[in-house]
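Q: Just dropping this structure here.
The values are calculated or read from the model by the stated rules, or taken from the named source; none is laboratory data. Predicted model only: the values in this text are computed from it and were never measured. Please note: Cβ atoms are built from the backbone with ideal geometry, for glycine as well, and neighbour counts cover all protein chains shown.
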Amino acid sequence: MGKAVDGSLMAFGYRDLQSATKNFSEKLGGGGFGSVFKGVLPDTTVIAVKKLESISQGEKQFRSEVSTIGTIQHVNLVRLRGFCSEGNKKLLVYDYMPNGSLDSLLFSEKNTNVLDWKTRYSIALGTARGLNYLHEKCRDCIIHCDIKPENILLDAQFCPKVADFGLAKLVGRDFSRVLTTMRGTRGYLAPEWISGVAITAKADVYSYGMMIFEVVSGRRNSEQSEDGKLKFFPSYVANQINQEDGDILSLLDHRLEGDADLEELIRVCKVACWCIQDEETQRPSMGHVVQILEGVVSVNPPPTPRCLQVFDTQENIVFFTESSSSQSSQAQSHTSTASTQTKNTTSNKSPES
Ligand SMILES: Nc1ncnc2c1ncn2[C@@H]1O[C@H](COP(=O)(O)OP(=O)(O)OP(=O)(O)O)[C@@H](O)[C@H]1O
Ligand SMILES: [Mg+2]
């Protein structure tokens, strides 16, 4: 079934994939680009087939883009096995990841196996390595543009694999598309997406940082608490981490009951705070993040990102709401006041010491 093109990548016929997925009967999930189905190849390899929707690219460009993605291989990236391109039917075939995506492991109430600290730390590090590879080790820098727990998949050993890299270019992901495909809160988008300037690899660093807070806490960053108030977790971390008597263990997912390496916990929280700095230049590169998490270089105390400084942890936090709401314009005006007051305190610092 299928024939190998460009060395390892297989070109599948639509009917091959139809039969492998039992006519697309077992849906794993769906997102902004289409839906994903589980399948089995005749040689018993288990696959995940992504049916792409609304690909505007021509045949030739699609094939060339897909074969580029196919050459990118790293232990922390989901492997593309092949594709199908028949008229407007465009599908991508990936290795199936038996432990699913990070969002279900972190947030699902059904999931009774709580990820231990060691696994969380190795997920943070592995994801950073995968992203570093995309940013620095490929011939052209690949900006992922959609880093969030749904796009981090776990293999049988819980080794993290970044999914959906290269798709931003493949489907031509413009700003409006990003906004419509980001589900729930827009909490992973760097501020430069909103302001409309050119996106660099540092946008991924920001999203990575936001995601790492969630790996630590086991909750979405913006979460409605029982009293109906919206709490924004990163501002709480930034506060605790910069206080001498900060309660670091309170940052940890309470289901772990404090069972974590304190030094690693502090390191991860500091890195996450550096990653979400408003200014791209103040965010570390993914290469630096890897070095810090490997313990090769140590990390300085992070400045509180300007946009977080307006928020006291006790307050009713309004953050990343729909731009039309009056609450968000209120938040913005607070932010601009804070930025003029704090400009000098946050400049000339860098993550590494
Ligand atoms: N290779 C795979 N192995 C196992 N499960 C997968 C695989 N690829 C995707 N999935 C599952 O399918 C879900 C949907 O994936 P999909 O990429 O369509 O949406 P998403 O990741 O939520 O959003 P986006 O479109 O922005 O990437 C994932 O969250 C994951 O749970
Ligand atoms: Mg995805």
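Q: Residues of region 80-100 being surrounded by fewer than 19 Cβ atoms within 10 Å (Cβ to Cβ), near ligand 1 (Cβ under 10 Å from one of its atoms) and within 16 Å of Ser35 (Cβ to Cβ), which ones?
A: Residue satisfying the conditions is Gly100 alone.
Q: Looking only at residues that are within 17 Å of the chain's Cα centre (by Cα) and assigned to a strand (DSSP E or B) in region 65-109, which one is farthest from ligand 2 (Cβ to nearest atom)?
A: Leu77
Q: Here's a follow-up. Quickly run through region 140-170 and pick out the residues that are within 10 Å of ligand 2 (Cβ to nearest atom), charged (D, E, K, R) and either in contact with a Leu (Cβ under 7 Å, 6 or more places away or on another chain) or part of a helix (DSSP H, G or I) (or both).
A: Glu150
Q: Give the residue that is nearest to the chain's Cα centre (by Cα), with candidates limited to residues of region 193-215 that are under 13 Å from Ala168 (Cβ atoms) and part of a helix (DSSP H, G or I).
A: Within region 193-215, the match that is nearest to the chain's Cα centre (by Cα) is Ser207.
Residue by residue, here is whether (1) out of contact with any Ser or Thr (no Cβ under 7 Å at 6 or more places or on another chain); (2) free of Cβ contacts under 8 Å to residues at least 60 places away in the same chain holds:
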position	(1), (2)
Gly13	yes, no
Gly30	yes, yes
Gly34	yes, yes
Thr45	yes, yes
Arg63	no, yes
Val66	yes, no
Ile72	yes, no
Glu86	yes, no
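Q: What is the one condition in (1) within 16 Å of ligand 1 (Cβ to nearest atom); (2) out of contact with any Leu (no Cβ under 8 Å at 6 or more places or on another chain) that Asn111 does not satisfy?
A: That leaves (2) as the condition not met.
Q: Name the residue that is farthest from Leu115 (Cα to Cα), counting only residues in region 258-278 that are surrounded by fewer than 17 Cβ atoms within 10 Å (Cβ to Cβ) and in contact (Cβ under 8 Å) with a residue 40 or more places away in the chain.
A: Asp261
Q: At pLDDT below 90, in contact with a strand residue (DSSP E or B) (Cβ under 9 Å, 6 or more places away or on another chain) and over 25 Å from Gln291 (Cβ atoms): is that true of Thr112 in this structure?
A: no
Q: Return the residue satisfying two criteria in turn: it lies in region 29-53 and is within 16 Å of ligand 2 (Cβ to nearest atom) and among the small types (Gly, Ala, Ser), and of such residues it is surrounded by the most Cβ atoms within 10 Å (Cβ to Cβ).
A: Only one residue tops the list, namely Ala48.
Q: Right, something else. Restrict the check to region 173-187 and report whether at least one residue is modelled with pLDDT of 85 or more, part of a helix (DSSP H, G or I) and within 16 Å of ligand 2 (Cβ to nearest atom).
A: No.
Q: Would you check which residues across region 62-106 are touching a Phe, Trp or Tyr at 6+ places or on another chain (Cβ under 9 Å) and among the hydroxyl-bearing types (Ser, Thr, Tyr) and list them?
A: Ser67, Ser85, listed by residue number.
Q: Turning to a different aspect of this structure: Does Gly130 meet the test of being on the phi > 0 side of the Ramachandran plot and either assigned by TED's automatic domain parsing to the domain that holds Gly187 or at pLDDT below 95 (or both)?
A: no
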